[in-house]
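This report concerns only the one structure given below.
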Amino acid sequence: MAKRFLLFTSPVYYPYGGMDDCKGEFASLNDAVDYATSHNETRSQDSHILEIGNKLIVWHLSQRTGQVTNAVPLSEYIKIKSD
């Protein structure tokens, strides 16, 4: 099975930025969430999972709960962040 999910986290202090904040690629959304929670990545300031498929979807991973809270197409996410 092809890996279709990328986990990105940035530490509260001194994020690397860009691809250096990528923690790995995963076969499923659950695999990415499991990795993030088991490696304390949810303590980061921002944690997102990028789903790669026909559309690129950004999943937000909650710092507080370690659960995905919403999904937004990458094009919308970029637009929201640039406003």
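Any read-out appearing in this document is the output of simple, stated calculations on the displayed coordinates, not a laboratory observation. Keep in mind that what you see is a predicted model, and the values were worked out from it rather than measured. Glycine also receives a Cβ, built like all others from the backbone with ideal geometry; neighbour counts cover every protein chain displayed.
Odds and ends about this structure:
- Remark: S47, S62 ranked as S62, S47, counting other beta-carbon atoms within 10 Å and listing the fewest first.
- Per-bin percent of Cα-Cα distances, the chain [5 Å]: 3, 16, 27, 27, 19, 7, 1, 0
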